[in-house]
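Student: One structure follows; several queries about it will come next.
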Amino acid sequence: HICRDVNFGWLIRNMHANGASFFFICIYLHIGRGLYYGSYLYKETWNIGVVLLLLVMMTVFVGYVLPWGQMSFWG
């Protein structure tokens, strides 16, 4: 619907998809930086990082299943 009936809907959809990919690139870079600098040695930092990672994973799952298309059903 948004790609066909909304003005610049294709742009909004593409920006959303690319923004989500960029968000995960930033997350992976942040995890790599934390591993490089040894930030995981601090217990509070580790616990907050695990909680945030679980929240992001839950958000990704809901965003993947929400459209409830064939890809969501078989994924």
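Student: With modelled with pLDDT of 90 or more, surrounded by 10 or more Cβ atoms within 10 Å (Cβ to Cβ) and over 30 Å from I2 (Cβ atoms) as the only criterion, which of N18, N47, N14 stands out?
Tutor: That would be N47, the only listed residue that is modelled with pLDDT of 90 or more, surrounded by 10 or more Cβ atoms within 10 Å (Cβ to Cβ) and over 30 Å from I2 (Cβ atoms).
Student: With the structure loaded, tell me whether I48 is in contact (Cβ under 8 Å) with a residue 24 or more places away in the chain and assigned to a helix (DSSP H, G or I) or whether it fails that test.
Tutor: It is false that I48 is in contact (Cβ under 8 Å) with a residue 24 or more places away in the chain and assigned to a helix (DSSP H, G or I).
Student: Can we say V56 is part of a helix (DSSP H, G or I), modelled with pLDDT of 90 or more, surrounded by 11 or more Cβ atoms within 10 Å (Cβ to Cβ) and not polar (S, T, N, Q)?
Tutor: When the stated conditions are applied, V56 passes them.
Student: Is at least one residue of region 24-38 surrounded by 10 or more Cβ atoms within 10 Å (Cβ to Cβ) and in contact with a Phe, Trp or Tyr (Cβ under 8 Å, 6 or more places away or on another chain)?
Tutor: There is at least one residue in region 24-38 that is surrounded by 10 or more Cβ atoms within 10 Å (Cβ to Cβ) and in contact with a Phe, Trp or Tyr (Cβ under 8 Å, 6 or more places away or on another chain).
Student: For region 51-66, state whether one or more residues are of a type outside the set (K, R) and more than 28 Å from R13 (Cβ to Cβ).
Tutor: Among the residues of region 51-66, at least one is of a type outside the set (K, R) and more than 28 Å from R13 (Cβ to Cβ), which makes the answer yes.
Student: Just to verify a result, which residue in region 1-56, among those that are among the small types (G, A, S) and in contact with a helix residue (DSSP H, G or I) (Cβ under 9 Å, 6 or more places away or on another chain), is farthest from P67 (Cα to Cα)?
Tutor: For region 1-56, the residue satisfying everything is S39.
Conditions (1) of a type in the set (K, R); (2) within 14 Å of the chain's Cα centre (by Cα), marked per residue:
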| site | (1), (2) |
| --- | --- |
| R13 | yes, no |
| F23 | no, yes |
| Y37 | no, no |
| T45 | no, no |
| W68 | no, no |
| M71 | no, no |
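The values are calculated or read from the model by the stated rules, or taken from the named source; none is laboratory data. Values in this document were obtained by computation on a predicted structure and should not be read as measured data. Using ideal geometry, Cβ is built from the backbone for each residue, glycine included, and neighbour counts are taken over all protein chains shown.
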